[in-house]
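J.: Starting off with a structure, shown below.
The values are calculated or read from the model by the stated rules, or taken from the named source; none is laboratory data. Please read these numbers as outputs of a predicted model, since none were measured by experiment. When we count neighbours, we look across all protein chains shown, and the Cβ atoms used for this are built from the backbone with ideal geometry, even at glycine. SASA here: full protein model, heavy atoms, side chains in, ligands and nucleic acids out. Shrake-Rupley method; radii C 1.70, N 1.55, O 1.52, S 1.80 Å.
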Amino acid sequence: MFDGSVFAKDRLMQGGLALAMAFLLILGLALPAQAQTFPEVIPLPNGFQPEGIAVGNGSTFYVGSLATGAIYSGDLRTGEGALLVPDQENRTAVGLAFDNSTGYLFVAGGPDGAAYVYDTRTGESLAEYPLADPASTLGTFVNDVVVTKGAAYFTDSFRPVLYRVPLAPNGSLPDPSEVEILDLTGDFDFVEGAFNSNGIDATPNGKTLIIVNSSTGTLYRVDPCTGEATEIPVSGGELTAGDGILLDGRTLYVVRNNFQEIAVVELDPRFRSGAVVDTITDADFQVPTTIAEFGNALYAVNARFGVEPGPDVEYSVARVLKP
């Protein structure tokens, strides 16, 4: 005997199954698309000559130009971007640091012997700090910067010093006369005529700075009040040609530019010793210089040192996963 209720239930079950399969199909199609929202290589403007990178609010990133001092801003999710700060007359942009509390971008000026501050909301130039005289015997190369709660610290690869720009709790920027010069003392080994202190980072509380000496491959922890440097012995690998660094907990990532790699250093809880536990390489590396992080990925600027600069030379940022 034909049972209409059974037939209706069967049709409902078939319809529900078809609906569920359609939903899974849509979900399956959406997941790969979502994964593709983080491009492995982000193109920068041709001829840009990048060096430094910083990640700001959300997935926004900033890259500076060695050639013109311009700042490029883009989205790590889409790879799209545009100039935030246009070409600057007589300015260079090397290392960058983003201040989360103010939205300001601090920029190391390389051979300018200066530091610059920009408002990332408008691109406006907020301050310029003359740090060293480029015409002096030693010369100057203000290379990298880190921002802590109380100050911005800049390295100079041609001088055994750190520059400290004090920052007020209300976000106001100091007068240039308030900039302090901290001599790097203690264990710091300065090699005259070579690239010395380069990448810099800080512990979350700002009480310890870490820098790398490019020429010797030596790591130091530095007292941010006195400039006293204490060597951090590192086993398991070399850190020569160390450029940008990034401290993530007790893991320190050190970019070794000409070696086309990022060394992964595990530090002890007091940052008194470390060991190279891994090395990150990637086919998309083209002389990486500095790195920033977003989620489980690192973003490395391809400076392409050794390639003759020109308006048609391509530059990019490469994305690699943390080990």
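J.: Any idea which residue in segment 185-205 is most open to solvent (accessible area, probe 1.4 Å), counting only those that are within 20 Å of Gly110 (Cα to Cα) and hydrophobic (A, V, I, L, M, F, W, C)?
T.: Start the filter on segment 185-205 by keeping residues that are within 20 Å of Gly110 (Cα to Cα), which leaves 190-201.
Next cut, hydrophobic (A, V, I, L, M, F, W, C) only: 190-191, 194-195, 200.
Values: Phe190: 57, Val191: 53, Ala194: 24, Phe195: 82, Ile200: 6 Å².
Result: Phe195.
J.: So, in segment 66-95, exactly how many residues are within 16 Å of the chain's Cα centre (by Cα) and closer than 17 Å to Thr122 by Cα?
T.: The number of residues fulfilling the criteria is 5.
J.: Out of curiosity, is Pro130 touching a helix residue (DSSP H, G or I) at 6+ places or on another chain (Cβ under 9 Å) and surrounded by fewer than 16 Cβ atoms within 10 Å (Cβ to Cβ)?
T.: Details: touching a helix residue (DSSP H, G or I) at 6+ places or on another chain (Cβ under 9 Å): yes; surrounded by fewer than 16 Cβ atoms within 10 Å (Cβ to Cβ): yes.
Spelling it out, Pro130 is indeed touching a helix residue (DSSP H, G or I) at 6+ places or on another chain (Cβ under 9 Å) and surrounded by fewer than 16 Cβ atoms within 10 Å (Cβ to Cβ).
J.: I would also like to ask the following. Is it fair to say Val307 is open to solvent by 10 Å² or more (accessible area, probe 1.4 Å) and in contact with a Gly (Cβ under 7 Å, 6 or more places away or on another chain)?
T.: Numbers: open to solvent by 10 Å² or more (accessible area, probe 1.4 Å): yes; in contact with a Gly (Cβ under 7 Å, 6 or more places away or on another chain): no.
The answer is no for Val307.
J.: Let me ask something else. Counting only residues that are of a type in the set (Asp, Glu) and either assigned to a loop (DSSP other than H, G, I, E, B) or in contact with a Cys (Cβ under 9 Å, 6 or more places away or on another chain) (or both), how many does segment 109-158 have?
T.: The initial filter retains those residues of segment 109-158 that are of a type in the set (Asp, Glu), namely 112, 119, 124, 128, 133, 144, 156.
Pick out the ones that are also either assigned to a loop (DSSP other than H, G, I, E, B) or in contact with a Cys (Cβ under 9 Å, 6 or more places away or on another chain) (or both) and you get 112, 124, 133.
Going through segment 109-158 one residue at a time, the tally reaches 3.
J.: Answer yes or no as to whether Leu182 is under 22 Å from Leu252 (Cβ atoms) and either among the charged types (D, E, K, R) or open to solvent by 10 Å² or more (accessible area, probe 1.4 Å) (or both). Please lay out each step first, then the result.
T.: Numbers: under 22 Å from Leu252 (Cβ atoms): yes; either among the charged types (D, E, K, R) or open to solvent by 10 Å² or more (accessible area, probe 1.4 Å) (or both): yes.
Against the criterion (under 22 Å from Leu252 (Cβ atoms) and either among the charged types (D, E, K, R) or open to solvent by 10 Å² or more (accessible area, probe 1.4 Å) (or both)), Leu182 qualifies.
J.: Continuing with this model, one more query. Filter segment 118-127 for residues that are surrounded by fewer than 23 Cβ atoms within 10 Å (Cβ to Cβ) and either of a type in the set (Asp, Glu) or in contact (Cβ under 8 Å) with a residue 40 or more places away in the chain (or both) and give the result.
T.: At the first step, the residues of segment 118-127 found to be surrounded by fewer than 23 Cβ atoms within 10 Å (Cβ to Cβ) are 119-127.
Hits for segment 118-127 are Asp119, Thr120, Gly123, Glu124, Ser125, Leu126, Ala127.
J.: Oh, and also: Give the residue that is most open to solvent (accessible area, probe 1.4 Å), with candidates limited to residues of segment 223-253 that are closer than 23 Å to Ile181 by Cα and in a loop (DSSP other than H, G, I, E, B).
T.: Cys225
J.: Sticking with this one: State whether the residues of segment 206-217 include one that is crowded, with 21+ Cβ neighbours inside 10 Å and assigned to a loop (DSSP other than H, G, I, E, B). Spell out how you get there, then give the answer.
T.: Narrowing segment 206-217 to residues crowded, with 21+ Cβ neighbours inside 10 Å: 209-214.
Adding the requirement that they be assigned to a loop (DSSP other than H, G, I, E, B) leaves 214.
Yes, segment 206-217 contains a residue that is crowded, with 21+ Cβ neighbours inside 10 Å and assigned to a loop (DSSP other than H, G, I, E, B).
Each row is one residue, and each column tells you yes or no for (1) closer than 22 Å to Leu246 by Cα; (2) open to solvent by 20 Å² or more (accessible area, probe 1.4 Å).
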{"residue": "Asp144", "(1), (2)": "yes, no"}
{"residue": "Gly150", "(1), (2)": "yes, yes"}
{"residue": "Tyr153", "(1), (2)": "yes, no"}
{"residue": "Phe158", "(1), (2)": "yes, yes"}
{"residue": "Ser172", "(1), (2)": "no, yes"}
